[in-house]
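Below is one structure; the comments refer to it alone.
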Amino acid sequence: MRDQPAPATRAITAGRRQQGSSLAPPLWGASTWQTEGLDDTRKRAVDMRPDDFYSRYANPTVRAFEEAMAELENAEEALAFGSGMGAIASTVLALCSAGDHIVAQQQLYAGTLAFIQGPCARFGIEHTLVDGTRPGAFAEAVQPGRTMLVVAESPSNPRLDLVDLEDLGRVAGPFTLVDSTFATPIGQRPIDFGVDLVLHSATKGISGHNDATLGVVAGARDLLDAIWAYGVLHGAAPSPYDALNGIRGIRTLAVRQHHQAGVALRLAELLVAHPGVVAVHYPGLADHPQHALACRQLLCPPTVLAIDLRGGLDSARTMMDGLRLVRCATSLGGPETLVCHSASSTHVSLTPDEQQRIGITPGLVRISVGLEDADDLIADLTQAIPVS
Ligand SMILES: *Cc1c(COP(=O)(O)O)cnc(C)c1O
């Protein structure tokens with residue numbers, strides 16, 4: 001066997017430290033634990049991430065999810081939260097103070113962008129937005145001594161733009177963070193490129209069944225300890241029930257991800273030739289402007305693609321109304337194939353100018369490929385897209 005088993009194997013073996021001979025992780029629903037008296041209470045109260053004190057501090061089921069995620073990301077540690085936004089807000093506020101500066105990619109999940117532009121600005125944390133696809137853009141915007149954090153997202157929502165992770169890993173000074181939700185740990189491992197922190201909305205592909213709201217950040221232990229110490233006060237603690245669904249999702253993640261990515265590539269290749277489609281945004285396509293970068297850093301292509309419809313908003317409406325199998329919903333990575341119109345859902349809070357700048361056109365439709373039969377879902381999508 002190789003020195004390090006393949007990701008698909010690690011997805012099965014990871015996070016089992018505390019489950020004895022049970023094949024499935026036990027569900028610890030407890031919010032609190034009984035102690036042996038005053039001295040024992042004190043010991044647990046001052047411990048880092050105690051396993052048996054109070055669930056906002058740590059919980060054994062959540063711990064199993066965190067340990068599995070750390071292993072899959074090649075990170076020392078991981079820390080889970082009640083949502084992806086809980087992970088983002090807690091991490092940013094743990095690391096940044098009034099007067100600090102953040103460099104962020106303009107192609108970000110709209111909630112992350114709104115958090116940086118709204119609450120962070122209100123607390124005196126300033127930011128500069130850059131085009132994350134341009135090599136060197138992050139480093140150029142760093143203000144030495146002031147920039148505390150660089151926030152990137154790759155592949156980005158909704159157009160699957162890529163950030164060069166090697167380039168990001170070389171940025172000196174601030175901590176670097178990648179929202180890797182669209183890749184999952186099966187699709188890329190940013191820590192291997194020297195990035196400090198990798199973050200996921202595990203609500204998406206990792207849990208994978210649209211039944212858990214969960215976030216996670218992974219990286220070096222000392223950094224994670226600092227985020228934990230702040231996170232206990234911020235309170236975006238994950239539910240052990242959701243963490244259980246997170247572990248269950250990890251067990252089947254590799255097979256789901258590879259299957260969904262294969263169908264996404266097939267769909268992308270077909271839609272390029274569809275008369276109603278002006279552009280297909282999918283880095284797995286050979287003529288995508290970032291295809292070479294995708295080959296260098298992605299271990300598996302994404303399961304999501306975005307298409308730009310010739311007829312703009314009207315065509316997007318016709319398409320979404322005409323679907324029979326595929327559903328309209330704003331999430332991704334689950335068993336059901338989903339479409340969403342970014343300009344009127346995930347990015348509705350942006351002005352038309354801001355939408356334009358990051359390529360969110362009126363005809364842009366994001367498709368998250370699910371687990372239905374490939375021919376069935378391809379037939380449904382191609383019949384629904386108007387030809388005009
Ligand atoms: C969904 C999503 C988030 C937010 O995660 P929640 O679990 O909904 O809070 C953050 N980043 C990306 C890329 C996402 O897709």
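Brief remarks on what is shown
Quick grid of which residues meet (1) in contact (Cβ under 8 Å) with a residue 12 or more places away in the chain; (2) under 30 Å from Val46 (Cα atoms):
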| position | (1), (2) |
| --- | --- |
| Gly208 | yes, no |
| Asp222 | no, yes |
| His234 | yes, yes |
| Gly249 | yes, no |
| Val255 | yes, no |
| Arg266 | yes, no |
| His274 | yes, no |
| His281 | yes, no |
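- Within region 313-331, the presence of a residue that is surrounded by fewer than 18 Cβ atoms within 10 Å (Cβ to Cβ), free of Cβ contacts under 8 Å to residues at least 12 places away in the same chain, hydroxyl-bearing (Ser, Thr, Tyr) and not assigned by TED's automatic domain parsing to the domain that holds Asn157 is excluded.
- Unique residue being away from the ligand (no atom under 16 Å from the Cβ) and either among the β-branched types (Val, Ile, Thr) or touching a Lys or Arg at 6+ places or on another chain (Cβ under 8 Å) (or both) when the list is Gly334, Gly363: Gly363
- Pair list, Cβ < 9 Å and 6+ apart or interchain, from region 111-136 residues that are more than 18 Å from Val150 (Cβ to Cβ) to residues that are more than 16 Å from the ligand (Cβ to nearest atom): Pro119/Ile125; Phe123/Cys96; Phe123/Ser97; Phe123/Ala98; Gly124/Ser97; Gly124/Ala98; Gly124/Gly99; Gly124/Asp100
- The residues of region 361-376 that are within 17 Å of Ser331 (Cα to Cα) and among the hydrophobic types (A, V, I, L, M, F, W, C), listed by number, are Leu364, Val365, Ile367, Val369, Leu371.
- Subset of region 196-205 that is touching a residue at least 40 places away in the same chain (Cβ under 8 Å) and more than 10 Å from the ligand (Cβ to nearest atom) - its residue that is surrounded by the most Cβ atoms within 10 Å (Cβ to Cβ): Val198
- Every pair of residues 6+ apart whose Cβ atoms lie under 6 Å, when the first sits in region 25-48 and is closer than 19 Å to Trp228 by Cβ while the second is assigned to a loop (DSSP other than H, G, I, E, B): Trp28/Asn59; Ser31/Ser55; Trp33/Asp52; Trp33/Phe53; Arg44/Pro50; Arg44/Phe53
- Here Glu66 fulfils each of the conditions (1) modelled with pLDDT of 95 or more; (2) in contact with an Asp or Glu (Cβ under 7 Å, 6 or more places away or on another chain) apart from (2).
- Residues (farther than 25 Å from Ser342 by Cα, touching a Pro at 6+ places or on another chain (Cβ under 9 Å) and assigned to a loop (DSSP other than H, G, I, E, B)) located in region 173-194: Gly173, Arg189
- Ala30 surrounded by fewer than 23 Cβ atoms within 10 Å (Cβ to Cβ), among the aliphatic types (A, V, I, L, M) and either farther than 30 Å from Leu253 by Cα or more than 19 Å from the chain's Cα centre (by Cα) (or both): yes
- The residues on offer are Ala75, Ala58, and the sole one that is under 19 Å from the mean Cα position of the chain (by Cα), at pLDDT 95 or above and part of a loop (DSSP other than H, G, I, E, B) is Ala75.
- No other residue among Gly132, Gly99 is over 21 Å from the mean Cα position of the chain (by Cα) and either over 20 Å from Lys204 (Cβ atoms) or within 16 Å of the ligand (Cβ to nearest atom) (or both) apart from Gly99.
- Selection within region 151-166 - away from the ligand (no atom under 16 Å from the Cβ) and surrounded by 19 or more Cβ atoms within 10 Å (Cβ to Cβ): Asp164
- Residue among Ile88, Ile116, Ile102, Ile12 that alone is assigned by TED's automatic domain parsing to the domain that holds Thr181, at pLDDT 95 or above and surrounded by fewer than 20 Cβ atoms within 10 Å (Cβ to Cβ): Ile12
- Count of residues meeting criterion [over 18 Å from the mean Cα position of the chain (by Cα) and closer than 14 Å to Ser368 by Cα] in region 238-263: 3
The values are calculated or read from the model by the stated rules, or taken from the named source; none is laboratory data. Since the model is a prediction, treat every value here as computed from it, not as a measurement. Methodologically, a virtual Cβ is constructed for each residue, glycine included, from the backbone with ideal geometry; neighbour enumeration extends over all protein chains shown.
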